Amino acid sequence: MNKFALLVFSMAALVVTAGCSKEETTSRDADLAGVNVAVGEKKSPFSKLFVLNEGGFQKNNSTLDFFRFSDGNYVSDAFGSMNPAVVQGLGDTGNDIAIHDGKIWLVMNGSGFVHALDASDETIIVSIPVPDPRYIAFDDSHAYVSSYAGAIYGGDAKKGKVYRISLSNYRIDGEVEVGCQPEGIAVVGNEIFVANSGGYNWVHENTVSVIDRATLKVTSSVEVASNLHFLAADSNGTVWVSSYGESAWTQDDDGNWIQNMSEPMGLFSFSNKNGYGVTPVNNVHVSCMTICDDGYLYAIGNAAEMTGGYDNTLYKVPVAGGAGAVTAVSLPGTDASRVGNPYGICVNPRNGDIYIADADYTAPGKVWCFTKDLKLKWSAVAGIIPAHMALY
Amino acid sequence: MRRLFLSLMTLVLCLGASAQETPDTLSAARVSSVRGSVVAPQVITSKELRSVSALPEAVRRFAGVQLRDYGGVGGLRTVNVRSLGSEHTGVFVDGIQVDNAQNMQVDLGRFGLEGLGAVSLFSGQKSSPLQSAKEYSSASSLYLESSEPVFRPGKRDNWIIGSSVGSFGTFSPRAVWEHAFKGGTSLRLTGEGVSSTGRYRFHVKDYRQYPDGSIAGYDTTMTRQNCDLAGVRAEARLSSPRSSGSFWNIHAYFYGSGRGLPGPVYKKAGEYPLSLDRQTDRDAFIQGRYVREICKGWSMALRTKLSFSHLEYTDFPELAPEDSPARYNYRNHSAYLSAAASRTAGKFRLNVAQDLQYDYLDADLRGFVFPGRLSSWSCVSAAFLTGPLDVSANLLYLIERDSFLSGDDRSSSSRDALMPSLVFSWKPSGRLSVNGFAKRSFRMPTFNDLYYTTVGSKTLDPEDAFQLDLGAEWRAVESISHHLALKVDVYRNLLRNKIIAVPTSNQFRWSMYNLGKVSVLGGDLTADYSFRFDDGEAGLVARYTLQRSRDRSDPEALTWNGQIPYIPLHSGSVNLFGSFSGWRADMTFFATGERFTTSANLPAYRLAPWTTLDAALSKDISLKTGSLSLKLRLNNLLNEQYAIVDNYPMPGFNFLFGITFAF
């Protein structure tokens, strides 16, 4: 059950929406018909929206789906179809997806692999063993993967690591110890930032470790807030990091456990330009988030979490290039009221379409596409616990 | 409280001793689960038990039953009757329930076959005189009945020593000593050990077909690791002499084991093991039963039990096993007392029973609330027995009071349930009987459901199971040499308030809710044919089960009306046997149709159908000094690669050879 909780805590991707446009060539995955869910978008600069389904804990049923913009079809388990001979498929608990240099990178937490696939047809290029991998980030020559490095819930406190993978030979060629149970990771200039959660500890961590890219050594740590998770950088190099907040479990008169948030889920930003001075973004509750090239950070969270209610809210936070104040739209009352458990978010920078991964936990989940005004565009049945998305 | 029960136990013993009458070891009627019941159960007799090497192999033969088996020698095996879930099946040893307040899972792998007289399954309601109140509480009941020692004239001691060896490096020695005391009291001591590496090879395969007709995939062989088992079982059973007026018995049981938990099979980077987790168990109970006639027409039964179980689970860090592991200890304590009285007057029979039980769970989890539970079952049962028509109406009232740590104090909560049942049996002719029942039963939330730190929900209601059943049995042929019986049952079950785990308003926190609803329409068909010849017997038993078990939890969800996880629409078995001058041969064929791992019955979540063929051959040889018995059991002859639980592969072909010497 503890590992189960870990799964629940392992959340949506830092979707690096590489704004690369894709020429219309027939790729080998064009034969995968899928299910038609939408009218095709012929002029889309993207050819596919990839959806990584985490799968159940230790169920080995993580799958990679995609939505094809040209014909509006949703293809389930594209990896399995394109790589039928790969023993045990993708593996267990896909925790992050990123697209870098024409490749899809999939971080398989349960299996201890990072897979690189050809983004044009999902065929596998390499599977790299990495212990307990969580999230991935890149520079030109390397991939950096955060890792729990063998910690177990209930065991001794154990520091996590960041592993460095060479993009020329796909081997791990460096590692550095960071805080406990590191999660989100991003590369900004000569520095790598990784959010430490301390999720297995009695007292959570509250820092972002700063690693020097050249020496692969931790140079400083930025105190932000308790139990950090998602971390992404905008185009100005500002780091945005979310916190799951801090809660205490107490029992009410009936003896039911209730969660009292002593610190709410929050969003924070800092930059090395101001000496890592941390700025909180007030009243943004982050269950999942993404930074889009349109100059905004999008997040979904339960605005009523402090009172035990249920009010999923979409937040739009201006980052580099974005203008205006933070906006918050409550999903109930919009077409998105049908979203049960928003578990991942991705935004199309061209038209502002919002993709939400909706996890069901006992049954296959859904992927919803809404316009920027939260009008339903399409929805599709995904795999088990769809969570992480990327545009290609 | 423990002291109180101990003194009551002593009282029971004293009463038993004073009630001893003339030694009459064999002639007294055997108190079996079948005797006096309005409806006959499905039974696996001691003869049929000889063809199996473990209890679960016998239990899976029952119609309407799905055995949940995680595979291998140490894998958990539980029984699910008529799609209601294993928590709704009570397992009774000599009429006293085997409990586990923590999760209500009873591992059938922990009971031996030595000394077992018969195994019977009551779907619905057993209704015999002098039943305890708890025997009315489960939706279905599995009875394990001990046999009574039999001594040849002039003998006071029986010895049985034996040993089995087989696949997975399994070695299992055992010894039984039976002794008849002067006065007719008998004692049976049983000791059994098992040691096994548990390792076996299995296939991981997946083939997919493409629109153009081509097929591609993989098929690879792996070895199950970390599945060793070492265990001991020791039992002592003391039985009074049989007399028409009274009898008693006392049964002490200990089971201790250590095992590796191989976990599910999933993709894992090569250098790391899938699992290093281990589990250690110590289960012990002592139980007693005392039955006597009070005066004409009235008889009574007292039952009592004390039990203790300790489970230690160790979670090793896979990357660095030398680091200190996480350890969790769970200690279940339980004490039980039951009194039942029965009066028969002509065609009328009245049964009243009152049971009390206290359970307590101790665990070293963070924020654990140390729950205790006091339960009271009160039962009134009236039966009208005319011979052609027997009817029994039963009413059970359960009061449950839980107490648990809340802050620095203990809080309490309570759950009550009224469980009525009606059973009838009508015999229009000597060969045909029609029977049926209607029963509403409630499964109380387990300690895990209620009190697992931050996940359990203390406001849970019990699961509500309603069953309707109509069946008929036709003994089509009954001659000296031939016997053919056909049995059919049709049933409708409705399970409401099913306890399931779902994320709450804060999706990082899961909790238990009464949200599930299952509707079952099922049918069981059994054909039993045998014929006798000079020195032997042969026959076959065929069983078929159809279960349409729909998920009716959420009309908006993909799961709506889907077949619930792990329940096949079709399943069945055929057992062929023949015995001749000390030889006995058995062939058993099992088939299970396709199943799904979620109620969303999409192809991606389909589990392939499977079939297995098992065989057993045994030979009894009479020697001057005793009798020698040889037994060879061949499981999964066709080496089928299958899984009952997804990602828990079952072993392919395996065997067990046993030799037993009785003197």
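What to note about this one:
Here is a yes/no grid of residues against (1) away from chain B (no Cβ under 14 Å); (2) out of contact with any strand residue (DSSP E or B) (no Cβ under 8 Å at 6 or more places or on another chain); (3) over 18 Å from A:H229 (Cβ atoms):
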{"position": "A:S287", "(1), (2), (3)": "no, no, no"}
{"position": "A:T290", "(1), (2), (3)": "yes, no, no"}
{"position": "A:G324", "(1), (2), (3)": "yes, no, yes"}
{"position": "A:A328", "(1), (2), (3)": "yes, no, yes"}
{"position": "A:K372", "(1), (2), (3)": "yes, no, yes"}
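- Any hit, region A:147-165, residues being away from chain B (no Cβ under 13 Å) and over 14 Å from A:V107 (Cα atoms): no
- With respect to the conditions (1) within 14 Å of another protein chain (Cβ to nearest Cβ); (2) touching a Ser or Thr at 6+ places or on another chain (Cβ under 7 Å), B:G258 falls short on a single one, namely (1).
- Residues within region B:547-574 that are in contact with a Phe, Trp or Tyr (Cβ under 8 Å, 6 or more places away or on another chain) and not in a loop (DSSP other than H, G, I, E, B), tallied: 7
- Count of region A:176-197 residues, restricted to those that are assigned to a strand (DSSP E or B) and surrounded by fewer than 17 Cβ atoms within 10 Å (Cβ to Cβ), is 1.
- Every test in (1) farther than 30 Å from B:N158 by Cβ; (2) out of contact with any Phe, Trp or Tyr (no Cβ under 6 Å at 6 or more places or on another chain); (3) in contact (Cβ under 8 Å) with a residue 40 or more places away in the chain; (4) among the small types (G, A, S) is passed by B:G582 save one, and that test is (1).
- Candidates B:S53, B:S128 - the one that is polar (S, T, N, Q), farther than 21 Å from B:P651 by Cβ and either part of a loop (DSSP other than H, G, I, E, B) or under 11 Å from the mean Cα position of the chain (by Cα) (or both): B:S128
- Filtering A:S147, A:S197 for residues that are closer than 30 Å to A:S247 by Cα, in contact with a Pro (Cβ under 9 Å, 6 or more places away or on another chain) and at pLDDT 95 or above leaves a single hit, A:S147.
- Residue check for B:L405: in a strand (DSSP E or B), surrounded by fewer than 20 Cβ atoms within 10 Å (Cβ to Cβ) and within 12 Å of another protein chain (Cβ to nearest Cβ): yes
- Any hit, region B:209-221, residues being surrounded by fewer than 16 Cβ atoms within 10 Å (Cβ to Cβ), in contact with an Asp or Glu (Cβ under 7 Å, 6 or more places away or on another chain) and charged (D, E, K, R): no
- Scanning region B:408-432 for residues that are more than 11 Å from every other protein chain (Cβ to nearest Cβ) and polar (S, T, N, Q) yields B:S414, B:S421, B:S425, B:S429.
- Qualifying residue in region B:201-217 (condition: more than 26 Å from B:P651 (Cα to Cα), touching a strand residue (DSSP E or B) at 6+ places or on another chain (Cβ under 8 Å) and outside any strand (DSSP E or B)): yes
- Candidates in region A:243-284 are the residues that are within 10 Å of chain B (Cβ to nearest Cβ) and modelled with pLDDT of 75 or more; of these, the one that is nearest to A:S197 (Cα to Cα) is A:Y244.
- Lone unmet requirement of (1) in contact with a helix residue (DSSP H, G or I) (Cβ under 9 Å, 6 or more places away or on another chain); (2) more than 8 Å from chain B (Cβ to nearest Cβ) for A:N61: (2)
- The listed residue being buried (at least 22 other Cβ atoms within 10 Å of the Cβ) and on the phi < 0 side of the Ramachandran plot, out of A:G340, A:G365, A:G309: A:G365
- Residue match in region B:599-607 (condition: more than 14 Å from every other protein chain (Cβ to nearest Cβ) and in a loop (DSSP other than H, G, I, E, B)): no
- For region A:74-129, a residue qualifies if it is acidic (D, E) and free of Cβ contacts under 8 Å to residues at least 12 places away in the same chain, but none of them does.
- Across region B:141-196, the number of residues qualifying as outside any strand (DSSP E or B) and either acidic (D, E) or within 30 Å of B:S37 (Cα to Cα) (or both) comes to 7.
- B:K134 being of a type in the set (K, R) and either surrounded by fewer than 24 Cβ atoms within 10 Å (Cβ to Cβ) or in a loop (DSSP other than H, G, I, E, B) (or both): no
- Set B:A472, B:A465, B:A538, B:A527: member being surrounded by fewer than 17 Cβ atoms within 10 Å (Cβ to Cβ), touching a Leu at 6+ places or on another chain (Cβ under 6 Å) and away from chain A (no Cβ under 14 Å): B:A527
- Number of positions in region B:81-95 that are in contact with a His (Cβ under 8 Å, 6 or more places away or on another chain) and at negative phi: 2
The values are calculated or read from the model by the stated rules, or taken from the named source; none is laboratory data. Since this is a predicted model, take the numbers as computed values, not measurements. Quick reminder, even Gly has a Cβ in these numbers, built from the backbone with ideal geometry, and neighbours come from all protein chains shown.
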